[in-house]
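Student: Here it is, the structure, as structure tokens.
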Amino acid sequence: MIKSGPVGPEAALAADGSGARLRQRRPPTAVLVVAAIVIALLVVGKVTTPQFVTSANFLTILRAGALTAIVALGMTFVTISGNYFSLSVVQTAVVGSVLYAAIASSSGFVPGLVVALGACLLLGVLQGGIIGLGGNPVVVTFAAGSAVIGVVLVATGNNRVQLNAGGLATAIGQASPLGIPTPTWAFGIVAVVCYLILEHTTLGRRTKLVGANRATAEASGLGVMRTIVAVFAISAFAAGVVGVLTAAQFGVADSQQFNNIDIESIAAVLVGGTSIRGGEGGAFRTCLGALFIAVLNNLLQVRGYSTGVQDAVTGAAVVLAVCGYGLIKRRSQS
């Protein structure tokens, strides 16, 4: 228990109670469960669907799952901080895609990348600031997303924006160094960076403490406002990266390119075992969750099931995962 009187930030992080809760190594139940289910899916796919187990299809899974995973990794910071989810990631990705296509076509790769990611980062900072001041994260991000997409549609006349540039501007979405698509390489880099931030930096520790016990974080002067702004900025930046990669991959920016990526990223976060109440989760868990969603969707597609069936199965998987983790946690605490 934190003693009365002045409590410094580092003392709060190391204190018994919430601080100890953050320090301890939790049993990797979620990791083991999701890993086992992914392996089971692969076995089922191999036995029932021969065309599922091919190198070309695995590359398709990696490419599709990489984009969802990048968004989900950014979302993980928001969820761990106790702010549920960002409902503006689709619209933020659209902004990144449109700005990249427009600027890169006229001014080149570097200006396009800087402007696109900078604008997305700013959107995240603004939303995080409002939420840090007391705004409801669901309402704020939903409203921000609606406003942003409205501006984009007016600015583009509801038309696609062509990426009229070659070289690195398109290679970052279309190339396959060592036979691995660049979006997959980008996912690997983002995953490592997110893991290092969450597990080995002050921001990561503060994010977990804010989610585990916001009152304690505020009382100890941990900079709750700065932390909330940072996690929403990270989430928006990740969505911007996906927007840039998508525009580069298809050579066009379209507001319809990111349908369901918000739902799938939330599913990846929850299936991976990150607590919706905040304070618990990790990058590796989210990666496994994203892999599960990608493998499940691909298996259903290969077997010819409709999008509606895929959405229903994904939703059921999320519900079962959340209920299952809750049951495991209650039993472990009893």
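Student: If the requirement is being more than 24 Å from HIS200 (Cα to Cα) and either among the basic types (Lys, Arg) or buried (at least 24 other Cβ atoms within 10 Å of the Cβ) (or both), which of these qualifies: ALA253, ALA290, ALA283?
Tutor: After applying the criteria, what remains is ALA253.
Student: Which residue, of PHE292, PHE237, is part of a helix (DSSP H, G or I), aromatic (Phe, Trp, Tyr) and under 23 Å from LEU153 (Cα atoms)?
Tutor: PHE237
Student: Filter region 250-263 down to residues that are in contact with a Leu (Cβ under 9 Å, 6 or more places away or on another chain) and not in a strand (DSSP E or B) and give me whichever is farthest from ASP311 (Cα to Cα).
Tutor: Filtering region 250-263 for residues that are in contact with a Leu (Cβ under 9 Å, 6 or more places away or on another chain) and not in a strand (DSSP E or B), the one farthest from ASP311 (Cα to Cα) comes out as GLY251.
Student: What are the pairs with Cβ atoms under 7 angstrom where one residue, in region 75-104, is at positive phi and the other, located anywhere, is in a helix (DSSP H, G or I) and not hydroxyl-bearing (Ser, Thr, Tyr)? Sequence gap at least six, or different chains.
Tutor: Listed pairs, sorted by first residue: GLY82/VAL210; GLY82/GLY211; GLY82/ARG214; TYR84/PRO137; TYR84/VAL138.
Student: Here's something else I'd like to know. Could you give every pair whose Cβ atoms fall below 6 Å, whose first residue belongs to region 181-210 and is surrounded by 18 or more Cβ atoms within 10 Å (Cβ to Cβ), and whose second residue is among the basic types (Lys, Arg) and modelled with pLDDT of 95 or more, counting only separations of at least 6 or pairs across chains?
Tutor: Close Cβ pairs satisfying both conditions: none exist.
Student: Sticking with this structure for a sec: Looking at (1) farther than 24 Å from VAL190 by Cα; (2) at pLDDT 95 or above, which is the one condition that is false for SER97?
Tutor: With respect to (1) farther than 24 Å from VAL190 by Cα; (2) at pLDDT 95 or above, SER97 is out only on (1).
Student: For region 53-79, name all the residues that are buried (at least 24 other Cβ atoms within 10 Å of the Cβ) and more than 16 Å from LEU288 (Cβ to Cβ).
Tutor: LEU67, GLY74, PHE77, VAL78
Student: Could you figure out which of (1) of a type in the set (A, V, I, L, M); (2) farther than 19 Å from LEU67 by Cβ; (3) in contact with a helix residue (DSSP H, G or I) (Cβ under 9 Å, 6 or more places away or on another chain) isn't true of ILE180?
Tutor: The single condition ILE180 does not satisfy is (2).
Student: Find the residue count for region 198-230, including only residues that are among the aliphatic types (A, V, I, L, M) and outside any helix (DSSP H, G or I).
Tutor: Result for region 198-230: 1.
Student: Let me ask something else. Among the numbered conditions (1) modelled with pLDDT of 85 or more; (2) surrounded by 20 or more Cβ atoms within 10 Å (Cβ to Cβ), tell me where ALA321 comes up short.
Tutor: Tallying (1) modelled with pLDDT of 85 or more; (2) surrounded by 20 or more Cβ atoms within 10 Å (Cβ to Cβ), ALA321 fails exactly one: (1).
Student: Now a separate question. Counting only residues that are in contact with a Ser or Thr (Cβ under 7 Å, 6 or more places away or on another chain) and hydrophobic (A, V, I, L, M, F, W, C), which one in region 159-170 is modelled with the highest pLDDT?
Tutor: Top of the filtered list is LEU163.
Student: Also, quick follow-up: Read through the list (1) outside any helix (DSSP H, G or I); (2) farther than 30 Å from GLY112 by Cα, then give the number of the only condition that ALA312 fails.
Tutor: Result: ALA312 passes all but (1).
Student: Of the conditions (1) more than 24 Å from VAL318 (Cα to Cα); (2) surrounded by fewer than 22 Cβ atoms within 10 Å (Cβ to Cβ); (3) under 13 Å from the mean Cα position of the chain (by Cα), GLY240 fails just one. Which one is it?
Tutor: If we test GLY240 against (1) more than 24 Å from VAL318 (Cα to Cα); (2) surrounded by fewer than 22 Cβ atoms within 10 Å (Cβ to Cβ); (3) under 13 Å from the mean Cα position of the chain (by Cα), just (2) comes out false.
Student: Moving on to the next point. Could you run through region 276-334 and say how many residues are over 22 Å from the mean Cα position of the chain (by Cα) and without any contact (Cβ under 8 Å) to a residue 24 or more places away in the chain?
Tutor: Residues that pass the stated criteria total 13.
The values are calculated or read from the model by the stated rules, or taken from the named source; none is laboratory data. Here the structure is a predicted model, which means the values were calculated and not measured. Every residue, glycine among them, receives a Cβ derived from its backbone with ideal geometry; neighbour counts consider all protein chains shown.
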